[in-house]
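Here is the structure we will look at, set down as structure tokens.
The values are calculated or read from the model by the stated rules, or taken from the named source; none is laboratory data. Note that the structure is a prediction, hence the values are computed from the model and not measured. Positions of Cβ are backbone-derived with ideal geometry, glycine not excepted, and every protein chain shown enters the neighbour counts.
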Amino acid sequence: MKSTQTIAVATVQQIAQTLKQQLTTIYPESEAGAMAQQVLEHVLEQNRVQLSLNQLQEVTIDQQNKLQTIVKRLLQHEPLQYVLGVAHFYGLELQVNQNVLIPRPETEELVDLVIKEHRNQQNLRVLDICTGSGCIPIALAENLKTEAVYGLEVSGDALEVAKANAANYNQPINWLHQDIFDDVQTIAPASLDIITSNPPYVLEKEQQLMRANVLDYEPHLALFVPDTDPLKFYKHIAVVGYSLLKPGGKLYFEINERYGQETCDVLLQAGFAEAKIVQDLFGKDRMVRAVR
């Protein structure tokens, strides 16, 4: 099956092999196979087990055309999640588009850390800063006993995505459309138990190390900070966080692995009682947890 035509009669098994072959031209074989599987599941509306049982089922011309449209976009390095309009995050199925970052596994680890440390508490008040798709506050609202959850985001287009995702899970998140560098007047001082943030932290000079599917499609507003001020967001959020958190409240950052200790120092200088680096599953300095 070439990109300019379809096969009149083809089975699920044949189509799966063809998709993988096409995608292998620009993606590693294992990644191409996984992508082909997800694309098939999406278009044929069958899960992995169903597809495995229906290997000899014929794929219609209409379905083949849909598959080829998707493959064309993938072969231009467009991320799979944007092409399908869906990203999976901590058990959630979230809408995504080019106005929001695609939620990452590292951010799931941040959410998991927060949930483990607060699962036995009641009436939690939570703020997520630079919320993007809303993945963090929605996941926390789904898994913790919360009284109020806030999501702050400067991009109105991103906030529309977050609102749609919260509505899908009937989560009444309080959305704040504002720049974190402006005063947060909606939330009373010393009223929050938890603040989370995955702010922009990729240095501009690191662009050359990034894959095309990230650099060409994901929003730079949510990714990059000036090389001259890599902790720009952390320094300001530390001050805001200290003001908004209750004594004993906790702040959780996702960080650039280069700046773990510097981020801790910023928090301690802002007045936090303690700050420590937490490594991800790959042993990289990926999070910082601080106590007010």
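General observations
- Residues located in region 38-56, provided they are crowded, with 16+ Cβ neighbours inside 10 Å and of a type outside the set (A, V, I, L, M, F, W, C): Gln38, His42, Gln46
Table: residues versus (1) outside the structural domain of Ser197 (by TED's automatic domain parsing); (2) out of contact with any Asp or Glu (no Cβ under 8 Å at 6 or more places or on another chain); (3) within 22 Å of Ala36 (Cα to Cα).
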site	(1), (2), (3)
Thr69	yes, yes, yes
Lys72	yes, yes, yes
Tyr82	yes, yes, yes
His88	yes, yes, yes
Gly91	yes, no, yes
Arg104	no, yes, yes
Glu108	no, yes, no
Asp112	no, yes, no
His118	no, no, no
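- In the set Val100, Val71, only one residue is in a helix (DSSP H, G or I) and either out of contact with any Cys (no Cβ under 7 Å at 6 or more places or on another chain) or closer than 30 Å to Val202 by Cβ (or both); that residue is Val71.
- Some residue of region 74-86 being assigned to a helix (DSSP H, G or I) and either farther than 30 Å from Leu140 by Cα or acidic (Asp, Glu) (or both): yes
- Residue selected from region 77-134 under the condition more than 11 Å from the chain's Cα centre (by Cα) and basic (Lys, Arg), by the criterion nearest to Asn256 (Cα to Cα): Lys116
- Selection of first residues in region 140-157 that are of a type outside the set (S, T, N, Q) and of second residues that are in a helix (DSSP H, G or I) and surrounded by fewer than 19 Cβ atoms within 10 Å (Cβ to Cβ), restricted to Cβ pairs under 8 Å at least 6 apart or on distinct chains, gives the following pairs, ordered by first then second residue: Leu140/Ile115; Leu144/Ile115; Val154/Leu221.
- Among the criteria (1) surrounded by 21 or more Cβ atoms within 10 Å (Cβ to Cβ); (2) at pLDDT below 95; (3) not basic (Lys, Arg), the one Leu110 does not fulfil is (2).
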